[in-house]
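Nothing in this text is a laboratory measurement; each read-out follows from the coordinates by a stated rule. It should be emphasised that the depicted structure is a prediction, and the values quoted were computed from it without experimental measurement. Heads up, the Cβs are rebuilt from the backbone with ideal geometry, glycines too, and the neighbour counts pull from every protein chain shown.
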Amino acid sequence: MSLIGREVVLGVGGGIAAYKSCELLRRLQDRGYVITVVPTPSSLNFVGKATWEALSGRPVNTHVWENVHTVPHIALAEAADFFLIAPATADLIARLAAGRADDLLTNLVLASDVPKMLVPAMHPSMWLDPATVANVATLRSRGFMIMDPDIGRLTGKDIGPGRFPEVPAIIERFDDITGNVQDLKGKRILVTAGGTREAIDPVRFIGNKSSGKQGIAIALAARNRGAQVHLIAANFDTSALDGIEVSKVESANDMQKVLTEQFPACDVLIMSAAVADAKPKNASLQKIKKALLGSIELEENPDLLASLASIKKNQVIIGFAAETKDHLQEARRKLESKGLDLIYVNDVTGGAIFGQDKTMGTILLRNDADIAVKEVSKDALGNLLLDQAIRQLG
């Protein structure tokens with residue numbers, strides 16, 4: 001099962017363990033979750049709003065009355081796929097059990113019906129108090145998943161149940177709830193991304209509008225599902241791709257060299273790069289004067305997919321097609337002519353899709369019905385394509 005829904009509200013209660021949720025946030029991001037942090041007002045005494053915004057890369061609000069025009073308690077509730085509240089203090093648990101809605105986080109909990117996991121952390125006397133025991137039982141009866149706290153030393157010299165669990169244990173439990181499994185462990189995934197540039201002279205080139213966003217999303221999704229990932233990156237920033245092997249290329253010929261080296265060892269090739277169809281027949285070593293740019297003689301670039309399909313063994317090959325006319329027919333032609341296992345096609349009329357965070361199109365399979373993809377994030381499409389790759393691998 002892939003993690004299609006990965007929007008998570010990370011609620012942070014007002015306990016000393018709030019600082020540990022900074023590490024929890026980063027490790028959740030490593031697993032592919034997209035996090036919006038919603039701290040309680042009292043939690044800002046331990047970790048400030050600026051820290052959460054810097055770590056999550058998203059705006060952080062604590063009150064319903066902030067950014068009222070966006071109706072945050074409804075908008076965030078509708079966008080979230082899961083809630084993870086860590087730490088959950090005795091006060092926060094009591095307010096949730098009572099159905100209170102006196103800050104943004106408690107409003108969101110009431111307004112959302114998605115799975116919710118709480119990670120309590122408090123002094124042992126508070127955790128064992130009959131009121132807290134009853135409140136926890138109430139929330140569990142309503143479907144909340146509540147992780148028992150660890151036993152250990154807390155603030156001061158006190159020891160007992162109430163300690164914030166270790167981050168890996170929290171993530172393991174959360175993965176069970178979300179269905180985020182490592183179903184690509186042991187597989188080698190090769191991904192191409194970006195747009196090739198074919199030199200006219202030292203300062204000019206033939207290129208395209210591909211940003212590389214879709215390829216990055218696929219590579220990260222494969223990494224988060226346990227695969228060994230090699231990304232062939234054509235002309236975009238790769239500085240934030242931890243845990244992924246990267247080969248930087250510029251032209252179609254550069255990409256072909258790396259593909260030839262890496263393809264035999266991979267299990268799946270996902271060719272999301274936009275490769276220029278043609279290149280100047282004779283690139284100039286010197287800048288061409290404007291007066292001499294009347295015409296440029298072109299020649300075809302090699303068909304990278306077709307050449308690899310001819311030497312494939314048991315690999316799965318996934319292609320992309322960006323079309324402006326008869327896109328399904330053209331994609332089906334490419335699927336057959338290039339020997340692909342499946343292809344994703346979208347309509348790019350007017351420059352649509354390029355550089356955007358969302359996409360829509362159709363997945364065409366060799367021996368199965370087409371799959372219509374309504375507007376989704378490029379992250380979600382990456383997981384959908386990986387799901388199909390796993391099916392093809394058997």
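If the segment from residue 16 to residue 158 were pulled out straight at 0.36 nm per residue, it would be longer than the present Cα-Cα gap by 49.7 nm. Convex hull volume of the Cα atoms of the chain, normalised per residue: 178 Å³. Which pairs in the list 281/313; 257/313; 209/374 are over 24 Å apart, alpha-carbon to alpha-carbon? The pairs that break the limit, which is 24 Å between Cα atoms, are 281/313. For a quick check, take a GNM of the chain with Cα springs below 10 Å and name the residue from 281, 116, 185 with the largest mean-square fluctuation. The residue that fluctuates most here is 281. Compute the Cα gyration tensor for the stretch 102-163, then decide on rounded, prolate or oblate, letting a ≥ b ≥ c be the square roots of its eigenvalues: rounded whenever a/c is under 1.5, prolate when a/b is larger than b/c in the other cases, and oblate in all that remain. It is prolate, given that a/c is not under 1.5 and a/b is the larger ratio.
Working value for the stretch 188-393: equivalent-ellipsoid semi-axes of 28, 19, 17 Å, each the square root of 5 times a Cα gyration tensor eigenvalue, largest first.
Rounded to whole numbers, the Karplus 3J(HN,Hα) couplings from phi for the stretch 32-47 are x, 6, 10, 10, 10, 8, 10, x, 6, x, 5, 5, 5, 5, 9, 9 Hz, using 6.51 cos²θ - 1.76 cosθ + 1.60 with θ = phi - 60°, and x at Gly and Pro. Packing-based ranking of 76-84, 153-161, 219-227 yields 219-227, 76-84, 153-161, ordered from highest to lowest mean Cβ neighbour count within 10 Å. The Rg/Rh ratio for the stretch 152-283 is 1.22, where Rg is the radius of gyration of the alpha carbons and Rh is the Kirkwood radius. Normalised by 2.2 N^0.38 Å, where N is the number of residues, the C-alpha radius of gyration of the stretch 237-288 stands at 1.45.
With contacts taken as Cα pairs under 8 Å at a separation of at least 6 residues, the chain carries a relative contact order of 13 percent.
In this simple spin-label model, placing a label point 7 Å from the Cα along the Cα-to-Cβ direction at both residue 374 and residue 330 gives a separation of 2.6 nm. Take residue 50, project a point 7 Å from its Cα along the Cβ direction, then tell me which residues of the stretch 11-34 have their backbone nitrogen under 18 Å from it. Within reach of a label on residue 50: 19, 22. Peptide packing: for 262-270, 191-199, 57-65, 140-148, the average count of neighbouring Cβ atoms within 10 Å per residue gives the ranking 191-199, 262-270, 57-65, 140-148, highest mean first. Taking the square roots of 5 times each eigenvalue of the Cα gyration tensor of the stretch 7-178, largest first, gives ellipsoid semi-axes of 23, 18, 16 Å.
Karplus-derived 3J(HN,Hα) values for the stretch 145-154, using 6.51 cos²θ - 1.76 cosθ + 1.60 with θ = phi - 60°, are 8, 10, 7, 5, x, 6, 9, x, 6, 10 Hz; glycine and proline are entered as x.
Diagonalising the gyration tensor over the Cα atoms of the stretch 283-369 and scaling each eigenvalue by 5 before taking the square root yields semi-axes of 32, 20, 11 Å, largest first. Over the stretch 188-393, Cα pairs under 8 Å with separation of 6+ residues give a relative contact order of 22 percent. Given R0 = 22 Å, the distance between the Cβ atoms of residue 71 and residue 138 translates into a calculated FRET efficiency of 0.20. With the highest mean first, a sort of the peptides 282-294, 36-48, 361-373 on other beta-carbon atoms found within 10 angstrom per residue produces 36-48, 361-373, 282-294. A Cβ-based charge dipole, computed about the Cα centre of the chain with Lys and Arg at +1 and Asp and Glu at -1, lands at about 500 debye.
Please work out the C-alpha center-to-center distance from the stretch 282-322 to the stretch 59-102 and express it in whole Å. Comparing the Cα centres of the stretch 282-322 and the stretch 59-102, I get a distance of 51 Å.
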